[in-house]
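Following: one structure in structure tokens, then a few remarks.
The values are calculated or read from the model by the stated rules, or taken from the named source; none is laboratory data. Keep in mind that this is a model prediction, so the values were computed, not measured. We place every Cβ from the backbone using ideal geometry, glycine too, and count neighbours over all the protein chains shown. Keep in mind that these areas ignore ligands, DNA and RNA; they rest on the heavy atoms of the full protein, side chains included. Shrake-Rupley method; radii C 1.70, N 1.55, O 1.52, S 1.80 Å.
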Amino acid sequence: MRYVSTRGEGGVRSFSEILLDGIAPGGGLYVPVEYPSLEIDSLHGLSYPELAAHVLGLFGPERAWGEVTHKTYTKESFRSDEIAPLTELGAGRYLLELSNGPTLAFKDMAMQLLGNLFEEALAETGQTMTVLGATSGDTGGAAEQALRGKKNVQVVMLSPEGRVSPFQAAQMYAIPDANIHNLVVRGVFDECQDIVKALSADETLKKRFSLGAVNSINGARIAAQVVYYVWAALKLDEPADFVVPSGNFGNVLAGWIARRIGAPIRRLIVATNENDVLAEFFSTGVYRPRPAESVAETESPSMDIARASNFERYVFERVGRDPELTCKLLAQPELTLPGEETLLGGSSTKSERRGAMKHFWETHRRLIDPHTAAGVVVGERLATPGVPLVFLETALPCKFEDAVLQATGITPPRPPGFENIEARPQKFTLVEADPEAIQNYLEGITSPVA
Ligand SMILES: *Cc1c(COP(=O)(O)O)cnc(C)c1O
């Protein structure tokens, strides 16, 4: 399996190369030259790490996967043997639990694997790396948790000031390890993401600081997310609809790929909050990225984005994998795509999400977080009678305690070890939303080559 960039630059790369590279030269995203195909019938009965080894083997056939998937997907890290339990709620509804990893959000599903892959790759080559990332709340914690204390790697994570929940903030800023650097940016998530993209797209800087990426633009991360769609599809007797709380379009893109390679998935539904750039596209056919300052602050901050980075991969597919046309379309203030739409989408409001949290508790006796609730709102709205519907649980409710408490009257319980995390001492540096400020910081922490 080889990879090319959506923008045509950077040649043909291997899985190991795209793992460390993150973003392609010129800012493109890596996609497989062609999609592999699953032999779905041979996969029943595999454990999660076995299935992960199989699926990842399709995307990175040059290496053996069993050891690293067994090391990553353990009961110890994910709190159950199932790793991603598919829980039947009754009445044709299912919850795909993706949030039982170390940071209690689905980001761990890929990031825990990436942490191990990075460590292994750097040990092999003797390289060092600086992972530069931007987070709307969950990626940062997941990446830092996966890479803290690991050799030869530093993490520089940009997060928007005042836009992450207190729990999310504590999960990042209270990590004491010296290789973890939290930069709190005076701006919104999209500005953080733009800075990361700008610095990473500059080949000179990328080399000087050996920059790597763990944002959902990292193709290896998408491959790791394909696994749980295949896992869930295998557990169901008939093809179901899946509804995915979405922001940067990484998670649902993995679902699209899972279906593309042969997982029996019926429809994929993209759910957003009031920041509805994706919902608008999937309901009207017009993609209209917004200015960063128009991002609404919500109780589901990991979906508060004005522009979805991974959408570029979808555009690339929809225009027949033509890099020039992809670039041209993405340079326009708004775009429409040729051919037939293959996903559905819808947005949700705060009161709808609160209503869904309350209703979910009353009918299923389960608390859900406001991101998962966005999926429930949109999923129920677009459900087909008689067709099973799978809600992806993208975070545990205790990460968004206030919102859940206000919606349901119940304080969501915390798993052991998270009792008082907001009280731990925090460590971060406040910076302006300016690439130069970040570059200066990188200069400061990167030792000059002797
Ligand atoms: C990251 C995140 C999302 C959005 O996922 P994308 O892959 O960016 O679309 C939704 N919910 C939660 C809790 C998240 O952390």
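Taking residues in region 68-97 that are at positive phi and open to solvent by 10 Å² or more (accessible area, probe 1.4 Å), and partners anywhere that are modelled with pLDDT of 95 or more and among the β-branched types (Val, Ile, Thr), the pairs with Cβ atoms closer than 9 Å and at least 6 places apart or on different chains are 90/363; 91/363; 92/387. Can you confirm whether residue 28 is at pLDDT below 95 and open to solvent by less than 20 Å² (accessible area, probe 1.4 Å)? So residue 28 passes the test. Only helices (runs of 4 or more DSSP H) whose full extent lies in region 150-253 are considered here, and the ones with at least 2 residues that are within 16 Å of the ligand (Cβ to nearest atom), open to solvent by 30 Å² or more (accessible area, probe 1.4 Å) and modelled with pLDDT under 95 are 189-201.
Out of the residues in region 410-427 meeting the condition of being open to solvent by less than 60 Å² (accessible area, probe 1.4 Å) and of a type outside the set (A, V, I, L, M), tell me which one is farthest from residue 368 (Cα to Cα). Ranking the qualifying residues of region 410-427, first place goes to 417. Only one entry in 106, 118 is of a type in the set (Phe, Trp, Tyr) and farther than 19 Å from residue 301 by Cβ, namely 118. For region 333-362, a residue qualifies if it is closer than 22 Å to residue 100 by Cα and open to solvent by 80 Å² or more (accessible area, probe 1.4 Å), and exactly one does: 358.
Name the single residue, out of those in region 373-398 being within 11 Å of the ligand (Cβ to nearest atom) and out of contact with any helix residue (DSSP H, G or I) (no Cβ under 8 Å at 6 or more places or on another chain), that is farthest from residue 239 (Cα to Cα). Out of the qualifying residues, it is 396.
All told, residue 431 meets the bar of being surrounded by 15 or more Cβ atoms within 10 Å (Cβ to Cβ), among the β-branched types (Val, Ile, Thr) and under 30 Å from residue 132 (Cβ atoms). In region 11-25, how many are assigned to a loop (DSSP other than H, G, I, E, B) and either modelled with pLDDT of 90 or more or farther than 20 Å from residue 117 by Cβ (or both)? Total meeting the criteria: 3. Of all residues in region 277-306, those that are surrounded by fewer than 21 Cβ atoms within 10 Å (Cβ to Cβ) and in contact (Cβ under 8 Å) with a residue 40 or more places away in the chain total 10.
Every test in (1) free of Cβ contacts under 8 Å to residues at least 40 places away in the same chain; (2) among the β-branched types (Val, Ile, Thr); (3) touching a helix residue (DSSP H, G or I) at 6+ places or on another chain (Cβ under 7 Å) is passed by residue 204 save one, and that test is (3).
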